[in-house]
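Colleague: Okay, handing you the structure first.
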Amino acid sequence: MVVNILDRDCIVSSVSGGICRITIERPEKRNALTMSMFAALAESLRLADEHADVRCILVTGSGNSFCAGHDLAAFSEWPQQPHDPVPIFLHAIANVRKPVVVAVQGSATGIGVTWLLHADWVVTSAETAFRLPFIDLGIAPEAASTVLLKEAVGVVRAKKLLMSGEKFTGAEAVEWGLVAEMVAAEEVSATAARRAEFLASKDAVMLRQIKDWLHPADGFHQRIDEEVNAINAAVLRRNQRLQEKNP
């Protein structure tokens, strides 16, 4: 039986067979995230983590792209305070203690990449395009990626990716240890679903213990806040420059 736990703001969540399936459904915008979508994602993750029947969380994006990151139009809603949608979402994904599997197809950009660092099993294809464009936007990276990316790919490569903003492929992401598994493009969704079923069949207590040891939630919240504060400062500087140009 499928039980719907949330369906709003282009985010659909349902539970069946011990798996909570969360789908980002804004394909016409390559699943770029608005403020209401950040809020709905945060709530979906919280509900899934608290749901007694959920043993694994599977996240997918509809259409040809996984997630284009933060909708640029939504930057008008920065600065963000701790109770606002983006910080709430970032802390929510860091707090999830159940296994998280993500299917990444087509492309992933910005926060569509950084929050993968909190997932446990990411499936992609060789040709998937990844990008961390924060330097070109003049803002800080988020999701504690300044800690987690270094741990995943090494400090030299993390500097290169964050300081250049250049694209990289799914094949490179797998080679560097950023994601877990690479399959043919047409097999990404089905493979991720099988991995979620596999993890849902394992001992839930031990999976949580392993995750707590390898990815302790309390280790990232301070950095998440520091990064959000840096983005706030960057947005305020930009707004001030615009006001000076157009008094």
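The values are calculated or read from the model by the stated rules, or taken from the named source; none is laboratory data. Fair warning: this is a prediction, and the values are worked out from it, not measured in the lab. Here the Cβ is made from the backbone with ideal geometry for all residues, glycine too, and neighbour counts use every protein chain on show.
Colleague: Only one residue in 207, 214, 161 is exposed (fewer than 13 other Cβ atoms within 10 Å of the Cβ) and of a type in the set (A, V, I, L, M, F, W, C). Which one?
Modeller: 214
Colleague: Cβ-Cβ distance below 6 Å, separation of 6 or more or different chains: which pairs start in the stretch 85-112 with a residue that is touching a residue at least 40 places away in the same chain (Cβ under 8 Å) and within 21 Å of residue 34 (Cβ to Cβ) and end on one that is of a type in the set (Gly, Ala, Ser) and assigned to a strand (DSSP E or B)?
Modeller: Filtered contacts from the stretch 85-112: 107/129.
Colleague: Would you please name the residue that is surrounded by the fewest Cβ atoms within 10 Å (Cβ to Cβ), looking only at residues in the stretch 122-137 that are part of a strand (DSSP E or B) and β-branched (Val, Ile, Thr)?
Modeller: Selected residue: 122.
Colleague: One residue is enough: does the stretch 143-158 have a residue meeting the conditions among the charged types (D, E, K, R) and closer than 25 Å to residue 21 by Cβ?
Modeller: So far as the stretch 143-158 goes, no, none of its residues is among the charged types (D, E, K, R) and closer than 25 Å to residue 21 by Cβ.
Colleague: Give the residue, chosen from 166, 127, that is of a type outside the set (Lys, Arg) and more than 30 Å from residue 236 (Cβ to Cβ).
Modeller: None of the other options fit; the residue is 127.
Colleague: Follow-up question, since we're still on this one. State which residue is surrounded by the most Cβ atoms within 10 Å (Cβ to Cβ) when the search covers only the stretch 138-157 and only residues that are part of a helix (DSSP H, G or I) and touching a residue at least 12 places away in the same chain (Cβ under 8 Å).
Modeller: The selected residue is 145.
Colleague: If you don't mind, there's one more thing I want to ask. Looking only at the stretch 69-95, count how many residues are of a type in the set (A, V, I, L, M, F, W, C), surrounded by 21 or more Cβ atoms within 10 Å (Cβ to Cβ) and either under 24 Å from residue 242 (Cβ atoms) or over 11 Å from the mean Cα position of the chain (by Cα) (or both).
Modeller: Looking only at that region, the number is 1.
Colleague: Could I ask something else about it? Quick one: is residue 119 touching a residue at least 60 places away in the same chain (Cβ under 8 Å), small (Gly, Ala, Ser) and surrounded by 15 or more Cβ atoms within 10 Å (Cβ to Cβ)?
Modeller: Yes.
Colleague: Hey, another quick one. Give me the pairs, please: first residue somewhere in the stretch 186-211 and under 25 Å from residue 170 (Cβ atoms), second residue anywhere and assigned to a helix (DSSP H, G or I) and at pLDDT 95 or above, beta-carbon distance under 7 Å, and either six or more positions apart or on two chains.
Modeller: Qualifying pairs under 7 Å: 199/207.
Colleague: Follow-up question, since we're still on this one. Give, as residue ranges, the helices (runs of 4 or more DSSP H) completely inside the stretch 158-247 that count at least 1 residues that are in contact with a His (Cβ under 8 Å, 6 or more places away or on another chain).
Modeller: Here the list reads 221-245.
Colleague: Find the residue count for the stretch 16-53, including only residues that are among the β-branched types (Val, Ile, Thr), surrounded by fewer than 21 Cβ atoms within 10 Å (Cβ to Cβ) and under 21 Å from residue 204 (Cα atoms).
Modeller: 0
Colleague: If you don't mind, another one. Residue 201: more than 19 Å from residue 118 (Cβ to Cβ), at pLDDT 95 or above and touching a strand residue (DSSP E or B) at 6+ places or on another chain (Cβ under 6 Å), yes or no?
Modeller: It is false that residue 201 is more than 19 Å from residue 118 (Cβ to Cβ), at pLDDT 95 or above and touching a strand residue (DSSP E or B) at 6+ places or on another chain (Cβ under 6 Å).
Colleague: Restricting to the stretch 220-233, what's the tally of residues that are buried (at least 18 other Cβ atoms within 10 Å of the Cβ) and more than 27 Å from residue 96 (Cβ to Cβ)?
Modeller: The total comes to 0.
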